[in-house]
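Encoded as structure tokens, the structure appears first; notes follow it.
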Amino acid sequence: MGGSGREDPAAARVAAAMRAVDRRDFLPASQQRFAHADQALRIGHGATCTQPSTVEVMLRLLDARPGHRVLDVGSGSGWTTALLARLVGPSGAVVGVEIVPELVTLGRANLLAAGLPARIEQAEPGRLGRPEDGPYDRILVSAEARRVPRRLIEQLSETGRMVVPVRGDLVVVDRLGPDPGDVRTRRYGTYSFVRLRATGED
């Protein structure tokens, strides 16, 4: 594909992970026949499994690497959590958080069936993320916030990165040092997500 020799290594890693982790295994039976369609699919309880092309963009921008510690906010059926586990490998760690108890149960069962070393925890109303397991090298948010959540920036490592949908835009947030206010943000196109269900600054 050209001779520049500058193929994006993050894109190659993400493509390999998406080939290895079948979306079908993370969908309700009624939706499994649509697993390879590039569309968001309902998984119950007002939640959706994000369309593959959007997940690919988010993961490429996140650039999760082997050994990274990652937080997956809004883990849903566990598909993104599983993909992240594949990306960080056995030397990394992935924890998903989900506000809907039924989806926590579903996501845990799906991860167990996939045999991937990640876990999903019940999110607590009024508390965004999971600070006790931080800091994180990467945070992926699969629901739309009204503004960049400062409480999640505070859970990033000093060189960490977060990808989060904010008012229709996909935003990459890079933390630049010990001060949580010292960040760089970049916007990448318009995407549609379900609303982030948390309180305070969402």
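Quick note: the coordinates plus some simple rules give every number you see, no bench work behind them. Note that the structure is predicted; figures quoted are calculated from it, not measured. Don't worry about glycine lacking a Cβ; one is built from the backbone with ideal geometry, like all the others, and counts go over all protein chains shown.
Dipole of the stretch 1-79, Cα-centred, from +1 at each Lys and Arg C-beta and -1 at each Asp and Glu C-beta, to the nearest 20 debye?
Its charge dipole is roughly 80 debye.
Expressed in nm to one decimal, what extension gain is obtained for the pair ARG184 and HIS45 from 0.36 nm per residue of sequence separation less their Cα-Cα distance?
46.6 nm
Could you sort the peptides 129-141, 78-90 by per-residue average Cβ neighbour count (10 Å cutoff), highest mean leading?
78-90, 129-141
Let's test this: bin the Cα-Cα distances of the stretch 29-136 at 5 Å from zero up to the farthest pair and state each bin's percent.
Calculated over all Cα pairs of the stretch 29-136, the distribution is 2, 13, 22, 25, 22, 12, 4, 1 percent.
Give me the number: length gained by fully extending ALA12 to LEU112, i.e. 0.36 nm times residue separation minus the C-alpha to C-alpha distance, one decimal in nm.
Full extension of this stretch gives 33.4 nm more.
Neighbour counts of other C-beta atoms within 10 Å: give me HIS45, HIS68, HIS36 arranged from fewest to most.
The most exposed by this proxy come first: HIS36, HIS45, HIS68.
Please state the relative contact order of the chain as a whole percent: Cα pairs under 8 Å, 6+ residues apart?
Once normalised by length, the contact order is 16 percent.
Mean 1/r over all different Cα pairs, inverted: what Kirkwood radius does the stretch 87-163 give, in Å?
Evaluated on the stretch 87-163, it is 13.5 Å.
Pick out, from VAL141, VAL171, GLN32, the residue whose Cα sits farthest towards the positive end of the charge dipole of the chain, with +1 on the Cβ of Lys and Arg and -1 on the Cβ of Asp and Glu.
Projecting each Cα onto the dipole axis, the largest value belongs to GLN32.
SER53 to HIS36: extension gain in nm, 0.36 nm per residue of separation minus the Cα-Cα distance?
5.1 nm
Any idea what the dipole of the chain comes to, in debye rounded to 20, about its Cα centre with Lys/Arg Cβ at +1 and Asp/Glu Cβ at -1?
320
Along the three principal axes, how long is the stretch 9-190 when you take its alpha carbons, biggest first, rounded to the nearest angstrom?
Ordered largest first, the stretch 9-190 gives principal extents of 46, 37, 33 Å.
For the chain, what is the mean residue ellipticity at 222 nm derived from helices alone (per DSSP H run of n ≥ 4: -39500 (n - 2.57); sum divided by total residues; nearest 500 deg cm²/dmol)?
Helix-only estimate at 222 nm: -7500 deg cm²/dmol.
Just ALA40, ALA123, ALA113 to compare: in a GNM of the chain, with alpha carbon springs under 10 Å, which one fluctuates most?
Looking only at ALA40, ALA123, ALA113, the biggest GNM fluctuation is shown by ALA113.
Please report the spacing between the Cα centers of the stretch 72-142 and the stretch 29-54 in Å, no decimals.
Their Cα centres are 18 Å away from one another.
Please state the charge dipole magnitude for the stretch 16-126, taken about the Cα centre, from unit charges on C-beta atoms (+1 on K and R, -1 on D and E), reported in debye and rounded to the nearest 20.
Magnitude of the dipole: close to 280 debye.
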